[in-house]
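In what follows, a single structure is set out as structure tokens and then discussed.
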Amino acid sequence: MIAITVRNLGFKYEKADHWILNDLSMDINKGEITAITGGNGCGKTTLLRCIRGLTPNIYKGKLVGDINILGKDLKEMDSLQLVKTIGIVFQNPETQLFSSTVEDELIFGAENLCIEKDEIEKRLKEILTLTGIEDLRLQNPGKLSGGEQQLVAIASVLMMDPEILLLDEVMSWVDKNNRIKIKSILTDLKNKGKTIVMVDHIDENIEFADRIIKI
Amino acid sequence: MNLFRRLDPRSKIFYVGVVSTAAVVFDSLVYLSILLVVSFAVLYLCGGSGIGTLYRLRKILYLLVGIAIVQSIFTSEGTPIITIGSIRILTDYGVFRGLQFLIRLSVIIVSSSILLTSTNRDLTQGLLQLKIPYEIVFMLLIAGKFLPLLRDEFNNKVIAMELSGVDFKKIGFKKKLTAYKYLLLPVTVNSLLKSKEMAISMEVRGFRAMDRRSSYRELKFEKIDLAFIISSMIFITGLFIIR
Ligand SMILES: Nc1ncnc2c1ncn2[C@@H]1O[C@H](COP(=O)(O)OP(=O)(O)O)[C@@H](O)[C@H]1O
Ligand SMILES: [Mg+2]
């Protein structure tokens with residue numbers, strides 16, 4: 001089954017004079033890890049922004065073509081549907097974490113979705129274990145290493161239990177051990193039925209993916 | 001062990017509100033001093049350090065003392081204490097006004113620092129449970145994050161300049177000012193970009209996606225809170241009555 005279809009996608013940032021993405025089409029399978037690769041500045045991050053529906057409303061520009069998410073036209077999805085369906089982890093961990101403890105960081109999204117206290121408790125335990133950050137629970141996210149921060153960012157998104165997970169070069173600030181950890185977390189998630197799209201330009205980081213798409 | 005350390009942030013907010021109001025209303029140096037002493041005591045009991053607070057605020061304190069002195073000198077009513085010829089330099093009323101200003105602001109500053117003895121998350125939760133809209137509470141929280149962001153950004157740029165051979169300790173005041181002027185724009189732009197990214201991160205995690213929001217944590221009023229609120233009420237009302 002196909003989770004995401006992209007058809008003839010084009011995007012040009014406001015005030016820029018060339019199209020970053022041009023007539024791009026791809027299908028992303030449900031329940032698989034798909035890696036998207038390509039040179040620096042070729043528009044990988046931009047593609048994830050488009051799929052997450054951040055263009056053209058938050059990142060201004062001209063968007064053409066169609067994106068379909070789990071059978072729905074992206075243009076017809078409202079912000080709540082998008083939050084619930086697609087989680088995204090950005091490249092820079094520093095600006096993604098804003099709470100004063102890891103625990104607060106994790107519950108932030110769940111509270112926004114109005115999830116009951118007991119359910120939050122349950123997810124918190126589960127996800128802290130899955131990502132192996134139980135020990136960091138009461139620490140300040142701003143004071144963690146890049147790798148730990150990225151784990152916290154991933155965990156924070158998982159708390160909202162999205163069907164699809166988009167990851168933008170999450171391995172780039174991360175040491176070798178944590179890279180191995182992230183790969184095993186992603187494989188776990190895949191086995192639970194999640195669809196994962198990861199962007200990375202380093203071959204070693206994406207060999208474990210089910211499919212690799214070069215743009 | 002220490003009961004005061006378990007105080008609900010809402011009780012502290014109540015105390016700060018009442019005491020700051022009283023500090024604005026009271027004119028007498030004696031009553032203002034009582035407020036100051038009591039606030040220091042509460043701050044200390046809540047786990048804050050009075051001396052530490054004063055030390056951190058030393059620059060503001062210098063400013064306040066400066067203003068107090070200026071205010072004393074420019075007040076011409078009252079009995080002169082120091083005169084040069086027929087010009088009254090300092091009058092007793094001027095000294096009174098200066099001290100009043102100093103103590104009044106100290107009461108407000110010291111009592112407000114009682115709030116800082118609660119953790120960030122408790123304070124946030126307290127404000128939320130006081131029914132302050134969460135958009136506003138988070139705005140305050142982010143503003144609190146933004147300033148350190150700005151400072152870090154600034155320090156990074158200064159270090160970068162030092163690495164390229166500028167010795168900030170040796171160059172003169174005027175050159176330093178010029179250097180800072182050149183730093184200001186990129187630092188501000190960078191911090192703004194960062195805070196924009198932060199806002200997007202919040203949004204993709206559902207901030208304001210729904211009208212309501214659930215709460216994992218919940219603060220509960222305990223007996224100590226009730227006792228604290230009642231005693232601060234009695235204390236302030238008492239001062240008002242005997243005034
Ligand atoms: N917010 C933006 N506004 C204008 N141009 C942008 C913006 N973000 C990225 N770009 C430009 O789009 C191009 C592709 O960027 P990006 O999608 O980040 O590439 P990649 O992630 O593959 O390195 C780059 O040339 C970059 O300068
Ligand atoms: Mg990128």
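The values are calculated or read from the model by the stated rules, or taken from the named source; none is laboratory data. Owing to the predicted nature of the structure, the values given are computational and were not obtained by experimental measurement. No Cβ is skipped: glycine too gets one built from the backbone with ideal geometry, and neighbour counts run over all protein chains shown. Accessible surface areas use protein heavy atoms only, side chains included; no ligands, DNA or RNA. Shrake-Rupley method; radii C 1.70, N 1.55, O 1.52, S 1.80 Å.
Points worth noting:
- Selection status of B:K170, open to solvent by 50 Å² or more (accessible area, probe 1.4 Å), closer than 30 Å to B:F4 by Cβ and either assigned to a loop (DSSP other than H, G, I, E, B) or within 14 Å of chain A (Cβ to nearest Cβ) (or both): no
- In region A:163-177, residue nearest to ligand 1 (Cβ to nearest atom) [restricted to those that are outside any loop (DSSP other than H, G, I, E, B) and open to solvent by less than 10 Å² (accessible area, probe 1.4 Å)]: A:D168
- Residues satisfying the stated conditions in region B:133-146, i.e. farther than 24 Å from B:G50 by Cβ and either open to solvent by less than 40 Å² (accessible area, probe 1.4 Å) or in contact with a helix residue (DSSP H, G or I) (Cβ under 9 Å, 6 or more places away or on another chain) (or both): B:Y134, B:I136, B:V137, B:F138, B:L140, B:L141, B:I142, B:K145, B:F146
- Residue within region A:91-104 that is more than 25 Å from B:S191 (Cα to Cα) and of a type in the set (S, T, Y) present: no
- In region B:179-198, the residues that are under 14 Å from B:P148 (Cβ atoms) and more than 12 Å from chain A (Cβ to nearest Cβ) form Cβ pairs under 8 Å with partners that are in a helix (DSSP H, G or I) and aromatic (F, W, Y), at six or more places apart or across chains, as follows: B:V187/B:F154.
- Residue among A:L128, A:L166, A:L138, A:L124 that alone is within 14 Å of chain B (Cβ to nearest Cβ) and within 16 Å of ligand 2 (Cβ to nearest atom): A:L166
- Meets criteria (closer than 30 Å to B:L123 by Cα and open to solvent by 10 Å² or more (accessible area, probe 1.4 Å)) for A:L80: yes
Residues are listed down the side, and each one gets a yes or a no for (1) of a type in the set (D, E, K, R); (2) outside any helix (DSSP H, G or I); (3) within 18 Å of B:L57 (Cα to Cα); (4) outside the structural domain of B:L32 (by TED's automatic domain parsing):
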position	(1), (2), (3), (4)
B:S76	no, yes, no, no
B:I82	no, yes, no, no
B:L90	no, yes, no, no
B:I103	no, no, yes, no
B:V107	no, no, yes, no
B:V110	no, no, yes, no
B:S113	no, no, yes, no
B:L123	no, no, no, yes
B:G126	no, no, no, yes
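- Failed item in (1) away from every other protein chain (no Cβ under 14 Å); (2) crowded, with 16+ Cβ neighbours inside 10 Å; (3) not polar (S, T, N, Q), with B:K176 passing the rest: (2)
- Checking A:G43 against (1) at negative phi; (2) within 15 Å of ligand 2 (Cβ to nearest atom), the condition it does not meet: (1)
- Qualifying residue in region A:143-153 (condition: surrounded by fewer than 21 Cβ atoms within 10 Å (Cβ to Cβ), without any contact (Cβ under 8 Å) to a residue 24 or more places away in the chain and within 14 Å of another protein chain (Cβ to nearest Cβ)): yes
- Answer residue from region B:106-131, given it is more than 10 Å from every other protein chain (Cβ to nearest Cβ) and open to solvent by 60 Å² or more (accessible area, probe 1.4 Å) and is nearest to the chain's Cα centre (by Cα) among those: B:L116
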